[in-house]
Structure formats: structure tokens, C-alpha cells
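Working notes for the structure below.
The values are calculated or read from the model by the stated rules, or taken from the named source; none is laboratory data. Since the structure is predicted, the reported quantities are computational estimates derived from the model, not experimental observations. Cβ: placed from backbone, ideal geometry, glycine included. Neighbour counts: every protein chain shown. Calculation scope for accessible area: heavy atoms of the full protein, side chains included, ligands and nucleic acids excluded. Shrake-Rupley method; radii C 1.70, N 1.55, O 1.52, S 1.80 Å.
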Number of protein chains: 2
Amino acid sequence: MRAADRFSFNHATAKFWDQREAVEACARAGVGIGLWREPVQEMGLEASAKLVQDAGVAVTSLCRGGFFTDPTPAAIDDNRRAIDEAAALGAPALVLVSGGIPAGGTIDGAREGVQEALSVLAPYAGERGVTLAIEPLHPMFASDRCVVTTIGEALDLAAPFPAEQVGVVVDTYHIWWDPQVWQGIARAGREGRIASFQFADWVTPLPAGVLTGRGQLGDGCIDFKRYLAEVDAAGFTGPIEVELFNDALWARPGAEVLAETKAAFERVVS
Amino acid sequence: MRAADRFSFNHATAKFWDQREAVEACARAGVGIGLWREPVQEMGLEASAKLVQDAGVAVTSLCRGGFFTDPTPAAIDDNRRAIDEAAALGAPALVLVSGGIPAGGTIDGAREGVQEALSVLAPYAGERGVTLAIEPLHPMFASDRCVVTTIGEALDLAAPFPAEQVGVVVDTYHIWWDPQVWQGIARAGREGRIASFQFADWVTPLPAGVLTGRGQLGDGCIDFKRYLAEVDAAGFTGPIEVELFNDALWARPGAEVLAETKAAFERVVS
């Protein structure tokens, strides 16, 4: 498949766009979509599943499970529900953002919590045909959002489980700074664990809180062609989701954001 | 030496405090100081050297050289001057912040620029009794301030040079998230390359621009006792600088900030 045809639109890029409109627009554009649990639950799981099926749109991932560094029964139950939702939507991967450091805890302890949660959830996911996709987030989120910070660390966490149960997300925004990123991608390929491939660009200055500063593709310093080549070489040729948390994009009409993002994607991969 | 007696005050923690007052206050408090080039140049190098000598204060480092990812003759010359200044002040280490990605460049290319600059500067520093201390900065600064992001990467850059010429900075604020941080510190010790040890705490939310959000010791998630133990075990028992870039601290009188920071240091190491 031509790289330009691998584009998938993550709904969070137009966060406030109605899910039905977003899915139908992706159908018209001939692209896949990454869905989020909140809008899915708002519409209802069955209605959401029917929507994507009727539209003929591929759901490339469901965002997101995780937040289980303190793996309480409630956190585990919520993740089982997320796996069920991914299965019902036909999403091959459930993206996991691990969560930060529990109150009074340490980052090492939080990482052990992630391992513990995975050992409970991995077989459950496997039985439902869903791959848990561990997403390393940029280290600026390590205390409050995700203690998993590199591809290598995500692969170490995934190692005890079969690759169809636990994989990793390769998201350029979060890993581009890593001096071991190319080795990490190659290893993820060798181990068959690339479960999701996402693009966003790195731009500065970062906004307060740093959550909503992701750049449109081409606006920042990330060499997307290199990422495409390395991930291709690692054997992953599936969809590439573009997920931009960006206040300026969120303020604009979804259809416009979809068109602009698709065009930016085509530019950076051509 | 008791851990509490290893405190050194980095001038940037009270950035707008007059250098003479800061040095004299550190003398009265019986602690060392980390100096910055701009105030040193403002007072004049000879006058600054006389100031610290008369006060009997140990200059634990000079901040900072670097910004040589594009190693132009001007950048190299400026770093030679910084080495001369460190030597004149009796500072054992010149802290290097590498710089970000040059316009149109890549992070890999920028890292090669750092290696090239070091190969020119290391012998010059060695001849003057100054160790170049490569400081890995938090990856949120990787594009615009410092492409060196981990202790391991800094050690790889230092590897071609004798340890008395090129070492690394262990700064808790920048490296606490690294899943390989304990191995990195142990390796730095084995290779004799811990040239500076600095404390700052990690707190969120980060402010816009993310430069001035460092937390007072004890306000964040960093386990300073663990760092102290690991760096001790790695064989480094020298001074520990506290360097906090923090708008709220910068707005307060320097003497107050010094006293509060010294007290916070004693609490987190006791």
C-alpha cells in the first residue's frame, strides 16, 4: 500500500467533532479512524459499532485503557470493559497509557504496578482478539500520566506475554528524542510487537500543562520519512494514525481539520 | 562528609541576586556556590575570581558552556573562553548544555556536532584543569536546548576522552524518569565521570515554555535519598548543587531563598 493510503484519523485530533460526523467523514475520505472511549460510551457501544460497520470504516485503535499503576480492582475492571469495547468495535488494538506515580509512591513501584496489571489483562485481551498496545509517552508526562517512557521499556514490559496479547505503540511525538529510538523500533519489529503507529510533530514552545502542544505534521522537527522507513523495515505496514492534541485545531471545524491533516500527512510521507 | 554538609547553592536558584551578595552569603553559610558566566562577565573575571578567593568560597561549577550542536568557530571560541573562566575561578567543572537542533537539521546530526565540538575542546579543558561536564537535559528540551537526554548518551559522548577531560552531570530533575537511570549512574561511577551532582525536584503542572517549573526539594516526586545512595555507591562524594529555575523563587530575596533551599536540602537528605 502507498504510504499516503495508510492514513487514519484519530478522533482526538478533532476532539469536539461529533463521533457520527467524524466516522462518516472518514468513510467519505476513504480513511480509517482511531476512536476514543468517551464518545463511544456517549453514543453507546452497540450504536457505535453499528455506525462504523454501516460506514465501512476501519477502526484502527481504541483509546484508551491503562491508568493502572495502582492496579485496583476498579482499574482492572475498567480495563476489561475497554477490551470488550475494542472487540465490539473491531479495533485490533487498545492503546494503554499506563498512568503516573500513585500518591506517596515511586516511579519504580508504579512500573511494577503496570507489569502486574498486564499479567491480569493480557490473557483477557488475547481471548477477545484485542492487542494491548503499551504507549510510551514523552518523559514530560512521567509523573502524572505515564511512567512508561521509551520503546525499550514498553518492550520489556510486554516481554512476558505473547505478541498477539501485548504490543507497543510507536508514536513519533513521544519517542523522537530517544537516542535508542531506531534500535527500539527495530527490536519492536523483530519481536512482532508494533501494534499501532502514530504521527504527531514536535513543536516548541510548549503550552502550560504541556498536553495540548502537538504540532501539525511538517510544522516541527520530526523526520517522518525516516520513521516511515524504519517502521517499514521493522515489518509493520499497517495504518498510520495521526493524533494531535492541539488547542488551535480543536477550535476549528472537524471536516476542515480532517482535510488539512490528511493533506499534511500526504506531504510528509511523499 | 555528612550529606547535609555537601550542599552547594547554584546562583541560578536566586537568579537576580547580586553575585557579590550571593557569594558573601554562601561564605557566611559555609556552603559552596555554582556560578554563571553572565554575572561573572558583568563583574569581570578577575574581580569575580578575587571575590570568591577573598570570601573563601568553593566554586563547585561554572554554568555553562555548550550550545555547539552547530560547532562553528564562534561557538568553539566561546567555549574556550568559558573553559578559561572556569580555570580562573577555580571551578573544577564547566557544565555543558549541548544546544538543540540547528535550523534544517536532525537530532542525529546535532548529536554528531556535539561529538565534534568535544573533540576540539576536551584537550584544551584538560590542559587547564577543567572537566567538561556534559549535562543531559530532560527530553522536553531536546529540540531547542539540549539534544543530550540521558546519562547513558552523555557517557557515550564522553567515552573517547579521558575522564579528567570530559565527565557528566547527574541532575535529578533531568534524569529521574529514565528507566535506565540507576544503571547509568553506576556506569558513570565506574568510568569515573561524575563531574557534578545536582538536585531539583519534579513538580507538575509545568508552566508554559517549561523552563521555570523546577520544584523546591521535597515538593515533588523525586526520591533524593535514593539518588544520594546510588551516587555515593558510584563513588562520588563531592558537593551537591541545588539549581532551581523557578519564577516564584526568583521573585524573592536571595538570602531567603538560600536559607530555605539549604533547609530543604537538609530535610531531603536526612
Go through (1) open to solvent by 40 Å² or more (accessible area, probe 1.4 Å); (2) in contact (Cβ under 8 Å) with a residue 40 or more places away in the chain; (3) closer than 28 Å to B:E256 by Cα; (4) not charged (D, E, K, R) one by one and return the number of the condition B:C63 breaks. (1)
Mind counting the residues in the stretch B:74-114 that are part of a helix (DSSP H, G or I) and within 14 Å of another protein chain (Cβ to nearest Cβ)? 7
Only one of B:A29, B:A3 that is modelled with pLDDT under 95, crowded, with 16+ Cβ neighbours inside 10 Å, over 20 Å from B:L137 (Cα atoms) and hydrophobic (A, V, I, L, M, F, W, C): B:A3
Verdict on B:P239 being in contact with a Ser or Thr (Cβ under 6 Å, 6 or more places away or on another chain), more than 14 Å from every other protein chain (Cβ to nearest Cβ) and either without any contact (Cβ under 8 Å) to a residue 12 or more places away in the chain or open to solvent by 10 Å² or more (accessible area, probe 1.4 Å) (or both): yes
Can you tell me which residues in the stretch A:42-57 are out of contact with any helix residue (DSSP H, G or I) (no Cβ under 8 Å at 6 or more places or on another chain) and not charged (D, E, K, R)? A:G44, A:A47, A:Q53
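Each row is one residue, and each column tells you yes or no for (1) hydroxyl-bearing (S, T, Y); (2) over 16 Å from B:P179 (Cα atoms).
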{"site": "A:V114", "(1), (2)": "no, no"}
{"site": "A:G129", "(1), (2)": "no, yes"}
{"site": "A:I134", "(1), (2)": "no, no"}
{"site": "A:S143", "(1), (2)": "yes, no"}
{"site": "A:D156", "(1), (2)": "no, no"}
{"site": "A:D171", "(1), (2)": "no, yes"}
{"site": "A:I175", "(1), (2)": "no, no"}
Single residue of the stretch A:149-175 satisfying the filter (in a loop (DSSP other than H, G, I, E, B) and within 8 Å of chain B (Cβ to nearest Cβ)) that is most open to solvent (accessible area, probe 1.4 Å): A:T150
Kindly indicate the residue of the stretch B:176-202 that is more than 10 Å from chain A (Cβ to nearest Cβ) and assigned to a helix (DSSP H, G or I) and also surrounded by the most Cβ atoms within 10 Å (Cβ to Cβ) among those meeting that condition. B:A188
Name the one entry in A:P92, A:P71 that is in contact (Cβ under 8 Å) with a residue 60 or more places away in the chain and open to solvent by 20 Å² or more (accessible area, probe 1.4 Å). A:P92
Can you pull out the residues in the stretch A:115-143 that are open to solvent by 30 Å² or more (accessible area, probe 1.4 Å) and within 13 Å of chain B (Cβ to nearest Cβ)? A:Q115
Quick check, is A:Q180 farther than 29 Å from A:F16 by Cα and without any contact (Cβ under 8 Å) to a residue 40 or more places away in the chain? yes
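Could you list, in sequence order, all residues of the stretch B:234-259 that are over 25 Å from B:P92 (Cβ atoms) and either among the hydrophobic types (A, V, I, L, M, F, W, C) or in contact with a Leu (Cβ under 8 Å, 6 or more places away or on another chain) (or both)?
Answer for the stretch B:234-259, where residues must be over 25 Å from B:P92 (Cβ atoms) and either among the hydrophobic types (A, V, I, L, M, F, W, C) or in contact with a Leu (Cβ under 8 Å, 6 or more places away or on another chain) (or both): B:A248, B:L249, B:W250, B:A251, B:A255, B:A259.
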Does the stretch B:213-229 contain at least one residue that is away from every other protein chain (no Cβ under 14 Å), assigned to a strand (DSSP E or B) and surrounded by 16 or more Cβ atoms within 10 Å (Cβ to Cβ)? no
